[in-house]
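A short write-up of the structure that comes next.
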Amino acid sequence: MDQAVEVAKLASYQWAYLAAGIGAALTVIGAGLGIGKLAASAMDASGRQPEVAGQVRTSMLIAAALIEGATFFALVICIILATK
């Protein structure tokens, strides 16, 4: 009887695990695309105006850090939802 209860409990959690995994994957893909677009735009700006490359680099790093922060927050939420 205990084994049947454990199997039923695992079956009920499998959808939560799947959803958390999909959410984490979408979060990482979105962050990768965002940072890639950010870096491409920064390189384009530096190529057009080399004299402001330092300012562009600083702005790019700040924006990348904000994207990473949001990504880590979303990943933590996915992990929390998977462990409940």
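Structural remarks
- Degrees between helix 53-83 axis and first principal axis of the chain (Cα, 0 to 90, nearest 10): 0 degrees
- Rounded tilt (10° steps) of 2-48 against the dominant C-alpha axis of the chain: 0 degrees
- Its DSSP H runs of at least 4 residues, each contributing -39,500 (n - 2.57), put the calculated 222 nm mean residue ellipticity of the chain at -34500 deg cm²/dmol, to the nearest 500.
- Listed options for percent of Cα pairs over 18 Å apart are (i) 47; (ii) 59; (iii) 31. The value calculated from this structure is the one marked (ii).
- Here the extension length gained between ILE77 and GLN3 equals 23.6 nm, from 0.36 nm per residue of separation less the Cα-Cα distance.
- Signed unit charges on C-beta, dipole axis of the chain, positive-most listed residue TRP15, SER41, ALA25: SER41
- Using the Cβ-Cβ distance between ALA64 and LEU10 with R0 set to 41 Å, the FRET efficiency works out to roughly 0.55.
Coordinate-derived values only; no laboratory data. Since we're looking at a predicted model, the values are computed, not measured. All Cβ positions, glycine included, derive from the backbone under ideal geometry; neighbour counts span all protein chains shown.
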